[in-house]
Amino acid sequence: HHAKATFFLANEKTVRGDHSLDPSWASYWKALREEGHAFGTHTFDHVYALRDMADGRLEVRPQFGPQAGKKLAWTQQQYCDELRRVDSRFRELTGAGLDPFWRAPGGKLTKASQAAGQACGLSHAGWAPAGFSGDELPSERVSNQALLDRALNGLRDGDIFMAHLGIWSRKDPWAPAVLEPLLSGLEQKGFC
């Protein structure tokens, strides 16, 4: 389909038992870069911004890494540093830096996290309501066909569609089952 994607990277655990930004994944990321895809940061440890604090710091909770599950108070600079950790690792793996985009884990944005991203020189990329693939929803409750129909009926010109690599919660995986008919269906609607 010659479709290009923007991959937002975090150092997430993979089905192989390693992590997505380990050296063993270098050839994978290099190949995707060579195909012309874009790459942004999703924070290294998939750090959720929970709320802005009265003293100007952010309350955050990393999902991975040594602080996983703990609520922490970070400055905007610490959040920016966390965003940049992905760029540093991506450069080590591929020899190229990330594009100047970021996506907040869980879509959880606060004024301070937005300001931290901007101070880092990054633009935040959200997604349209119709662009939420639903690939995290239990397949027992929401079928792949229902997710496909929702996307094809709801997506409009300019919408950003979001899906994940490596969602383990669905018993009937979203990808690749929905990706091919989604791309074909969007092409039939005139999307390119």
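The values are calculated or read from the model by the stated rules, or taken from the named source; none is laboratory data. Note that the structure is predicted; figures quoted are calculated from it, not measured. All Cβ positions, even for glycine, are placed from backbone atoms using ideal geometry, and neighbour counts span all protein chains on display. Calculation scope for accessible area: heavy atoms of the full protein, side chains included, ligands and nucleic acids excluded. Shrake-Rupley method; radii C 1.70, N 1.55, O 1.52, S 1.80 Å.
Numbers below:
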{"read-out": "Residue count, region 108-159 (criterion: aliphatic (A, V, I, L, M) and under 23 Å from residue 174 (Cβ atoms))", "value": "11"}
{"read-out": "Search result, residues across region 1-27 that are out of contact with any Leu (no Cβ under 6 Å at 6 or more places or on another chain), more than 21 Å from residue 103 (Cα to Cα) and open to solvent by 60 Å² or more (accessible area, probe 1.4 Å)", "value": "2, 15, 16, 23, 24, 27"}
{"read-out": "Subset tally (residues that are in contact with a strand residue (DSSP E or B) (Cβ under 7 Å, 6 or more places away or on another chain) and open to solvent by 30 Å² or more (accessible area, probe 1.4 Å)) for region 34-62", "value": "8"}
{"read-out": "Residue under evaluation residue 65, criteria (1) open to solvent by less than 20 Å² (accessible area, probe 1.4 Å); (2) assigned to a loop (DSSP other than H, G, I, E, B); (3) not acidic (Asp, Glu), criterion not met", "value": "(1)"}
{"read-out": "Qualifying residue in region 80-88 (condition: within 29 Å of residue 30 (Cβ to Cβ), out of contact with any strand residue (DSSP E or B) (no Cβ under 9 Å at 6 or more places or on another chain) and among the hydroxyl-bearing types (Ser, Thr, Tyr))", "value": "yes"}
